[in-house]
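Shown next, in structure tokens, is the structure this report addresses.
The values are calculated or read from the model by the stated rules, or taken from the named source; none is laboratory data. Predicted, not measured: the structure shown is a model, and the values here were computed from it. When we count neighbours, we look across all protein chains shown, and the Cβ atoms used for this are built from the backbone with ideal geometry, even at glycine. Heavy atoms of the whole protein, side chains included, go into the accessibility calculation; ligands, DNA and RNA do not. Shrake-Rupley method; radii C 1.70, N 1.55, O 1.52, S 1.80 Å.
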Amino acid sequence: MKRLFTTLLVLALKVVAILLLNLAAVASAQITWNRVWPPVNDGTHNPPNGYQDIVWDAYSGKVWIYSTNGTNSSAQIYSIRLHYFDPVAVSDTNIGDNGQTNGGSCFTSTSTWPATHHAVGQFWVDAIRHRLYTIQGVACTEEVLEQWYYKLLNPISGNAWTEVFPRGLATNHPGEVGPWQSTFQNTTLSAALGSSDASMSLTNPSYAVNQDFYLIDSEIVRITANANLYLMGSGTGSGANPLTIARGQYGTVAATHSSGATVERISGTFNNGKVVHDTYHDAFFWFGQRNDNSYGQLFAYCDTNGTGTLSSAQSSVGCTRPDDWVDITSKSICADAAACTASNESGTNGTNSGRLPHGWYYPSMDFDPASNRLILFAGGVYNVQYQYSFVYDPDKFTWTRLTTTCSGPHCTGLLSLAVTAGGFGYTTAPGVNINGCSGASAIATLYNGSVASLTITNMGTACSSPTVSFSGGGGSGASATAIANTLNAPPVFSSNSENTRIAHAVFQGKMYYHLSQHAGANNTPYGYIGQVQDWVLDPVAQTWTELAAGAGPTYTETMTVDPATGNLYAWATPTTGSDAEIWKGSIGGSAAPVISSTSPINPGTQTTAYSFSFAATGTLPINWSVTTGNLPPGLTLSSSGVLSGTP
């Protein structure tokens, strides 16, 4: 034991000599982006606009994209298609679509194709069963969530999907219908409802939709007659009392409900949740919004490969029913008062207030196979962004906020602008002057002669108590406030100003984040240079580092990574004009590595299995090897820095 400990101590003291870099040197650490599809941006390839998601699948070796299939019509958000990019052949291949036209009402699911609208954040790879999964977003009638998978074959073939949830109106769901949100059409009972009544009356029956489900207290009912055939968003229809209903749906029990009781219309999960596959525990986790922005939810789903028996690992993360979504919000533990308790969750799930990070509207979340944890950044509520960084331990149900430090010029840049008074009499957009923030700029948008909104075009640096003033435009009275970035994290503006949905991917234990602000289109062929920013979060060192500025895609909300090569792939979606594009980012640079693992390293005992992971920060990839001396017999050092074996 003494000999081994001494040898390892000497090894630890020589750790600088152990590390070797296998990189081409460039000026500084950065991600080098290049557009890889289409070869010519002429508007004849991928349709523009941005409801989409993108994932890498190692089994097929392809980048899979689930995106809208329209061109710029009011019905394009109902369209959906599945296609894949082959990085070797440099080609984009269409699998199929739901047949949605550019006009008319939206389609519903068929027997082989899901009606997944707003495909954002809820498209993921099952790396164990080789499937692509999707959860339904808002559909024609905002019906209860549907979950489908597309089987990945090698070679790729077929275009049919298989629905796996819900399996009919199952009775083993005690009031749970999977991840869902109540829609904007919530109302109340206008008369008491007895436990045996076959119809109900609502304060606003125009919000009622035939075949949709409604939660009243703890009972779920389904409207079967006298309501609308279709109703979406915040509109109203022609439904009329009394509404015929089926009682006690999804395993709930018909009960008596008082006049004035809240009636929540259950819908799909919209497009603001995120699903990831924890391959260590073999569980899907869904984190997102429910109840019109009033609180978040965390669900788990465990596939049993048809056996109906959960593994111990699956049970340890909260799965209590096989092949089914289970609400584990109440099990979650989050001790950070600012980022969790402050979420002020209300709604019917208000007893769970403070259990989740306040960032469940378009959360940026990934599974990290290096630590078997989930990494979460940003998110927020509608039109409000947050910069919190968290890790989640699935088998401990614990959210831990990272107390990050921030390195980079935009760590102290502009965070947000808000119009406080629109003024009057403006005939053209006034100039926006941002004081106390070097290089910051913005443009104003008018509505009826008043300043309606501000769009940041440059976040600037070194912001200190910034202020805003307006000049020109022929009007007066407009005012706005500016907030500087002070939270030791990157800015969180996405290409969609209502949310914080950002392009992100986890590689070798770190989260990479690509920020692209509001730009008119990708500048062929290398993209918009300016407010494109690349960042990396190290959750172990708890640092955010801004990488060297370079060209890159804009209007980019989704990104994925090939873990074998470290290549990032992003889907860039201009709103008009040119093709949507696929970009590849290569992680590179010559930033010198810095050893971050402890020294001396942990001691070991002869004949006892040993493992220690060396860690370093710097430009990836980092390869480890022994350059001087010899390891004790029985131990090996992997290129990823793991010293292991039985001495």
Tell me, please, whether a residue that is part of a loop (DSSP other than H, G, I, E, B), closer than 30 Å to TRP113 by Cα and modelled with pLDDT of 80 or more can be found in the stretch 216-231.
-> yes
Residue count, the stretch 597-629, condition open to solvent by less than 60 Å² (accessible area, probe 1.4 Å), part of a loop (DSSP other than H, G, I, E, B), at pLDDT below 65 and not aliphatic (A, V, I, L, M), comes to 4
In this structure, does SER389 turn out to be closer than 18 Å to CYS463 by Cβ, out of contact with any Lys or Arg (no Cβ under 6 Å at 6 or more places or on another chain) and not aromatic (Phe, Trp, Tyr)?
-> no
For CYS411, state whether it is within 17 Å of TYR513 (Cβ to Cβ) and open to solvent by 20 Å² or more (accessible area, probe 1.4 Å).
-> no
Hey, can you tell me all the residues within the stretch 241-263 that are at pLDDT 90 or above, surrounded by 13 or more Cβ atoms within 10 Å (Cβ to Cβ) and assigned to a loop (DSSP other than H, G, I, E, B)?
-> ASN241, PRO242, ALA254, ALA255, THR256, ALA261
Boolean, GLY288 is part of a loop (DSSP other than H, G, I, E, B) and either open to solvent by less than 40 Å² (accessible area, probe 1.4 Å) or modelled with pLDDT of 85 or more (or both) | no
Those residues of the stretch 422-464 which are crowded, with 21+ Cβ neighbours inside 10 Å and hydroxyl-bearing (Ser, Thr, Tyr), in sequence order | TYR426
Taking the stretch 466-476 and keeping residues farther than 23 Å from GLN533 by Cβ and open to solvent by 20 Å² or more (accessible area, probe 1.4 Å) leaves THR467, SER469, PHE470, SER471, GLY472, GLY474, GLY475, SER476
Quick one: is VAL120 at pLDDT 95 or above, among the hydrophobic types (A, V, I, L, M, F, W, C) and in contact with a Phe, Trp or Tyr (Cβ under 9 Å, 6 or more places away or on another chain)?
-> no
Subset of the stretch 384-404 [of a type in the set (Val, Ile, Thr) and assigned to a strand (DSSP E or B)] = VAL384, VAL391, THR398, THR400
Matching residues, the stretch 88-117, being at positive phi and modelled with pLDDT under 85 = GLY99, GLY104
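Rundown of residues vs (1) among the hydrophobic types (A, V, I, L, M, F, W, C); (2) in contact (Cβ under 8 Å) with a residue 12 or more places away in the chain; (3) more than 30 Å from SER469 (Cα to Cα), yes/no style:
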| residue | (1), (2), (3) |
| --- | --- |
| GLN387 | no, yes, no |
| PHE390 | yes, yes, yes |
| ASP393 | no, yes, yes |
| LYS396 | no, yes, yes |
| THR404 | no, yes, yes |
| SER407 | no, yes, no |
| HIS410 | no, yes, no |
| SER416 | no, yes, no |
| GLY422 | no, yes, no |
Over the stretch 310-335, the set of residues part of a loop (DSSP other than H, G, I, E, B), open to solvent by 10 Å² or more (accessible area, probe 1.4 Å) and touching a His at 6+ places or on another chain (Cβ under 9 Å) is SER311, ARG321
